[in-house]
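Accompanying notes for the structure given below.
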Amino acid sequence: MAEKKDLIKPIEIVFLFILMVFTAIFRMQSTHIPLDLSEGAFAYGATQMQHGVVPYKDFFEHRPPIILYVYKTAFSLLGNSVESLRLFTTFYCIASMLLIYIFARTVWRCAFTAMLAAFFYVCYQHSFIFQGLSANTAIYAQLPIVASLLFAADRDVKYAPVNFCVSGFFAATALLTHLAAFFFVFVPAAYILFYTEKHRLKNMLWFLTGYAAVLAATALWALFNKSFIDMYTGVVVYNLALLKRYAAGAMPVAPFNWMPVIFQANIIPFIAVIYSAVMLFLRKKDGINFLLFSGAASLCLGILFSKTVNPHYFLVLAPLAAFLSAVLVRDMYVLLSRDMEIRKYAWIILAMFLVLNTAVLAKINRIGDFLRNNIYTEEIFYEERAMAQAVMSYGAGPAKKDNYIFAYPDMPGVYYYAGLKSASRYAYAYPLGYFTKDRQKATDAMVQDRAPWVIVQKDRYGDYMNFLNDYYGKTAESKNLVLYRNLHFQ
């Protein structure tokens with residue numbers, strides 16, 4: 001009889017199908033949305049890799065390499081377009097939602113809790129405040145994080161070495177997808193030390209083996225492509241330099257500025273985190289609660305140490321927030337149902353609670369505004385796409401070998417849309433604040449090499465205005481951008 005209780009019920013399948021359909025329909029409203037700064041850099045890098053260009057060596061990037069291969073896979077499978085990327089990300093979010101359901105169903109063996117976790121994930125993932133419709137690293141790190149927790153939580157002693165090895169594999173994959181997962185490795189490791197009863201040292205070694213194998217494979221890949229030093233410089237040296245600056249007293253306040261907004265948009269997760277923290281002391285043997293709470297804490301710590309805190313960084317917390325919220329609501333129902341008089345009203349109370357929270361979530365995240373106006377990202381990204389289309393209209397026909405663009409300061413999406421190479425190794429300029437020796441080389445692409453096309457932000461190119469007016473003709477202009485064409489380029 002016990003085995004039958006663990007079987008998936010038809011209502012669960014129907015519920016998951018509804019969530020899948022909702023996710024697909026809702027996210028496909030975003031196919032027209034242009035790429036933001038990070039998405040543009042990844043899309044440009046991925047398309048360059050399709051033409052044999054080596055990442056890090058031939059173009060600068062300070063994020064780990066997995067996201068570039070994610071974009072490359074999306075373009076290879078579904079076509080080289082923004083719509084294909086949005087569709088691929090939709091499939092990925094559905095896969096993450098199903099894995100969240102599997103985790104909850106496996107560790108708690110409760111259909112109600114598992115369905116709640118999937119429901120909350122769909123709600124939190126599609127937050128407009130946190131750019132939930134984007135295709136950034138935080139979204140793609142969600143699945144390996146959940147997979148790492150799932151294999152770590154598996155209590156089958158017979159397969160413990162394999163499970164912990166796979167857990168380490170996914171923990172490293174999460175790191176190489178999103179650097180905010182840097183501290184996450186300590187979560188399964190601490191779980192092994194404090195919550196496994198046998199073979200702790202052996203299990204720890206298996207976990208570290210899986211973790212180290214991914215890092216070693218990445219290093220070998222870079223060595224094979226002769227880009228190890230460049231990858232090390234971008235991913236390690238550059239990011240460590242930022243951390244050193246913070247240690248010297250420049251710790252960013254952006255994470256703390258976002259806290260009121262996070263609280264308003266996610267009341268239940270905040271309550272759930274506090275509840276989970278209390279349960280650490282009241283349920284000291286609850287290893288799952290430890291995994292979830294410490295996992296959320298480790299990711300918050302990673303966000304805190306980020307260079308700048310973009311809203312989408314917080315999306316990496318969506319699965320943990322969903323799990324903790326599901327546990328909170330489940331325990332609320334258990335508490336309410338103890339009294340026979342209140343028990344018959346427990347479902348009504350919980351339903352009202354969930355409907356109210358969902359309504360608040362929808363209002364604060366401006367979901368209605370998006371559905372009415374279909375405007376989601378910043379205006380300048382729409383302008384970048386329009387400028388790239390203007391370049392394409394002039395560059396009709398076979399692409400010339402010397403046809404490339406210089407976009408200043410940070411417009412990597414332009415290169416992707418136009419299908420042309422960046423005039424500089426840096427598709428975006430902000431790392432040049434650290435790599436000062438390369439700054440002159442980047443500007444020489446315009447001043448010395450006379451790039452065929454130059455796109456500049458109006459308030460960022462005062463030093464080069466006379467030069468552009470002498471050698472370039474203004475081709476197009478928008479609110480924030482100006483497109484120049486080299487007068488000698490045919």
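The residues in the range 34-81 that are over 30 Å from Asp438 (Cα atoms), at pLDDT below 95 and crowded, with 21+ Cβ neighbours inside 10 Å can be counted, and the count is 0. From the list Val316, Val327, Val360, the lone residue that is over 27 Å from Leu149 (Cα atoms), modelled with pLDDT of 60 or more, assigned by TED's automatic domain parsing to the domain that holds Ser148 and surrounded by 14 or more Cβ atoms within 10 Å (Cβ to Cβ) is Val360.
Any chance you could count how many residues in the range 84-129 are touching a Gly at 6+ places or on another chain (Cβ under 6 Å) and in a helix (DSSP H, G or I)?
Pass one, the range 84-129, residues touching a Gly at 6+ places or on another chain (Cβ under 6 Å): 125-126.
Checking the rest, the ones that are also in a helix (DSSP H, G or I) come to 125.
Number satisfying all stated conditions: 1.
One residue stands out among those in the range 93-114 that are more than 13 Å from Ile8 (Cα to Cα) and among the small types (Gly, Ala, Ser): the one that is surrounded by the most Cβ atoms within 10 Å (Cβ to Cβ), which is Ser96.
Restricting the range 166-199 to residues that are more than 15 Å from Phe290 (Cβ to Cβ) and over 24 Å from the mean Cα position of the chain (by Cα) leaves a set whose member that is surrounded by the most Cβ atoms within 10 Å (Cβ to Cβ) is His199.
A search for C-beta distances below 7 Å between a residue of the range 125-138 that is at pLDDT 80 or above and any residue that is among the β-branched types (Val, Ile, Thr), counting only pairs 6+ apart in sequence or on different chains, returns Leu133/Ile33; Ala135/Thr89; Thr137/Ile67; Thr137/Thr177; Ala138/Val316. In the range 90-108 there is at least one residue matching the filter, namely being over 16 Å from Leu320 (Cβ atoms) and without any contact (Cβ under 8 Å) to a residue 40 or more places away in the chain.
Being outside any helix (DSSP H, G or I) and either touching a residue at least 24 places away in the same chain (Cβ under 8 Å) or of a type outside the set (Asp, Glu) (or both) is a description that does not apply to Lys158. Only residues that are farther than 27 Å from Ser134 by Cα and either under 20 Å from the mean Cα position of the chain (by Cα) or free of Cβ contacts under 8 Å to residues at least 24 places away in the same chain (or both) were counted across the range 286-325, and they come to 1.
With the structure loaded, tell me whether Asp6 is within 18 Å of Ser227 (Cα to Cα), surrounded by fewer than 21 Cβ atoms within 10 Å (Cβ to Cβ) and either acidic (Asp, Glu) or modelled with pLDDT under 90 (or both) or whether it fails that test. Full working, then the answer.
Details: within 18 Å of Ser227 (Cα to Cα): no; surrounded by fewer than 21 Cβ atoms within 10 Å (Cβ to Cβ): yes; either acidic (Asp, Glu) or modelled with pLDDT under 90 (or both): yes.
It is false that Asp6 is within 18 Å of Ser227 (Cα to Cα), surrounded by fewer than 21 Cβ atoms within 10 Å (Cβ to Cβ) and either acidic (Asp, Glu) or modelled with pLDDT under 90 (or both).
Looking at this structure, is Met28 in a helix (DSSP H, G or I) and closer than 17 Å to Leu176 by Cβ? No, not satisfied.
In summary, helices (runs of 4 or more DSSP H) completely within the range 389-490 and bearing 1 or more residues that are modelled with pLDDT under 85 occur at 436-447, 465-471.
Scanning the range 462-477 for any residue that is among the basic types (Lys, Arg), in contact (Cβ under 8 Å) with a residue 24 or more places away in the chain and in contact with a strand residue (DSSP E or B) (Cβ under 9 Å, 6 or more places away or on another chain) turns up nothing.
Based on what the data block shows, is Glu61 touching a residue at least 24 places away in the same chain (Cβ under 8 Å), in a helix (DSSP H, G or I) and among the acidic types (Asp, Glu)? Against the criterion (touching a residue at least 24 places away in the same chain (Cβ under 8 Å), in a helix (DSSP H, G or I) and among the acidic types (Asp, Glu)), Glu61 does not qualify.
Report the residue count in the range 130-139 for those that are among the hydroxyl-bearing types (Ser, Thr, Tyr) and part of a loop (DSSP other than H, G, I, E, B). Reasoning before the result, please.
Restricting attention to the range 130-139, the residues satisfying the condition of being among the hydroxyl-bearing types (Ser, Thr, Tyr) are 134, 137.
Still in the list and also part of a loop (DSSP other than H, G, I, E, B): 134.
Adding up the residues that qualify gives 1.
The values are calculated or read from the model by the stated rules, or taken from the named source; none is laboratory data. Being a predicted model, the structure only gives us computed values, none of them experimental. Quick reminder, even Gly has a Cβ in these numbers, built from the backbone with ideal geometry, and neighbours come from all protein chains shown.
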